[in-house]
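The values are calculated or read from the model by the stated rules, or taken from the named source; none is laboratory data. Since the structure is predicted, the reported quantities are computational estimates derived from the model, not experimental observations. All Cβ positions, glycine included, derive from the backbone under ideal geometry; neighbour counts span all protein chains shown.
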Amino acid sequence: MSGIREVIILGSGPAGYTAALYAARANLKPLVFTGLQPGGQLTITTDVENYPGFPKGILGPELMDLFREQVARFGTELIDAPVEKVDFSKRPFTVWSDGKSFQAKSVIVATGASALLLGLPSEQKYMGFGVSACATCDGFFYKGKRVIVVGGGDTAMEEATYLTRFCPEVIVVHRRDTLRASKIMQERALANPRIRFLWNTEVAEIFGNDGGKVTGVKLRDTQSGDVIEMAIDGVFVAIGHKPNTDFLAGQLPLDPKGYVLVKPGSSYTPIEGVFAAGDVHDAVYRQAVTAAGTGCMAAIDAERWLEAQAHANPAATPNQATAPTH
């Protein structure tokens, strides 16, 4: 395909694929850039048991393959490459990938966010097999188990408190002797009898058995350098998330943490014709089902916006179209 497209979608997690599904069924002929990790964060998740419609659960990569198959069925064009840069300063918008430029009347940004990790090879090895970056997603699998949470901010305190619903003991491992979390989150965690704190401690290594499941960790004292080993069933890394928005710098208003700003209750960004969906703007829920929901919103918002443009000035070129009022 060539020429100016109705909509280009950046990203291929639940948000990007759902946006593509709705856009394709609206005959907008979407083009999706799937990024470096087609399918998003769910491709590094093993069992998904909290996505509606799968009573027996489903593997994360399998779920995303089904998403992809569904959008392809309705004519979505897929390019398995990341977008390197964009120009949102004028319409039609331009995106560049693999040295080529593509233009569209509207763009949906659904590039997601990445969990910040410790950087250990063993962390990658056991990701989804005892290492997790989402207690809400995976906590249920650790009923009656002993787990650690790594971190000292609000995310870590929220994860640790949530995990006490399932685990008799949750050990918070923090490399300093004070928490960065807000006062109320600190108080809740410190008052919880199921949460224990290991101060001035960092995870040096994660161990597993031949079956590929985590069995323990090596912990290092950040002051003395002393090392101990501890048997553990799960490691939850909760040191924050980083939205995948570096390529948008200077093109789209972002909050101080890099998340895309949207008009409350919608997917509209401050740039007319650019919409956002999923974890790229959602720092609160970060679930596959909420990402899919905002992908639906973005596609509907884009479809209605494009229709309003056409009605506002049927003879206008994309650069001359006027913006609707909200």
Checklist line | All positions within the range 286-326 that are among the charged types (D, E, K, R), at pLDDT 95 or above and buried (at least 18 other Cβ atoms within 10 Å of the Cβ) | finding: Asp301, Glu303
Notebook entry, point to check: Hey, Gly212 hits all of (1) part of a loop (DSSP other than H, G, I, E, B); (2) modelled with pLDDT of 95 or more but one; which does it fall short on?
Noted result: (2)
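Every residue, every condition in (1) modelled with pLDDT of 95 or more; (2) over 22 Å from the mean Cα position of the chain (by Cα); (3) aromatic (Phe, Trp, Tyr); (4) outside the structural domain of Arg175 (by TED's automatic domain parsing), yes or no:
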{"residue": "Lys85", "(1), (2), (3), (4)": "yes, no, no, yes"}
{"residue": "Phe88", "(1), (2), (3), (4)": "yes, yes, yes, yes"}
{"residue": "Asp98", "(1), (2), (3), (4)": "no, yes, no, yes"}
{"residue": "Ala104", "(1), (2), (3), (4)": "yes, yes, no, yes"}
{"residue": "Val107", "(1), (2), (3), (4)": "yes, no, no, yes"}
{"residue": "Cys137", "(1), (2), (3), (4)": "no, no, no, no"}
{"residue": "Phe140", "(1), (2), (3), (4)": "no, no, yes, no"}
Margin query: Tell me whether the range 154-177 contains one or more residues that are closer than 29 Å to Met297 by Cα, hydrophobic (A, V, I, L, M, F, W, C) and buried (at least 17 other Cβ atoms within 10 Å of the Cβ).
Written below: no
Notebook entry, point to check: What are the residue pairs meeting all of these: first residue in the range 55-69, first residue in the same structural domain as Gly40 (by TED's automatic domain parsing) and aromatic (Phe, Trp, Tyr), second residue surrounded by 13 or more Cβ atoms within 10 Å (Cβ to Cβ) and assigned to a helix (DSSP H, G or I), Cβ atoms under 7 Å, and 6 or more apart or on different chains?
Noted result: Phe67/Pro14; Phe67/Tyr17
Note to self: Give me the strands (runs of 3 or more DSSP E) completely within the range 84-203, filtered to those with at least 1 residues that are of a type in the set (Val, Ile, Thr), ordered by residue number.
What the structure shows: 85-87, 93-97, 100-109, 146-150, 169-173, 195-198
Item checked: Residues of the range 26-62 satisfying the condition of being part of a helix (DSSP H, G or I), in contact with a strand residue (DSSP E or B) (Cβ under 8 Å, 6 or more places away or on another chain) and surrounded by fewer than 21 Cβ atoms within 10 Å (Cβ to Cβ) -> Ile44
Check: Across the range 51-75, what is the total count of residues that are modelled with pLDDT under 95 and among the small types (Gly, Ala, Ser)?
Finding: 2
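Taking Ile184 as the residue in question, decide whether it is β-branched (Val, Ile, Thr), on the phi < 0 side of the Ramachandran plot and surrounded by fewer than 16 Cβ atoms within 10 Å (Cβ to Cβ). Give the steps one after another, and end with the answer.
On the way: β-branched (Val, Ile, Thr): yes; on the phi < 0 side of the Ramachandran plot: yes; surrounded by fewer than 16 Cβ atoms within 10 Å (Cβ to Cβ): yes.
The answer is yes for Ile184.
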Next item on the list: Could you check Phe275 against (1) on the phi < 0 side of the Ramachandran plot; (2) in a loop (DSSP other than H, G, I, E, B); (3) buried (at least 17 other Cβ atoms within 10 Å of the Cβ) and say which number it fails?
Entry: (2)
Next item on the list: Just give me the residues in the range 84-123 being farther than 20 Å from Ile4 by Cα and among the polar types (S, T, N, Q), in sequence order.
Entry: Thr111, Ser114, Ser122
Notebook entry, point to check: In the range 84-117, which residues are surrounded by fewer than 17 Cβ atoms within 10 Å (Cβ to Cβ) and closer than 28 Å to Arg220 by Cβ?
Noted result: Ser114, Leu116, Leu117
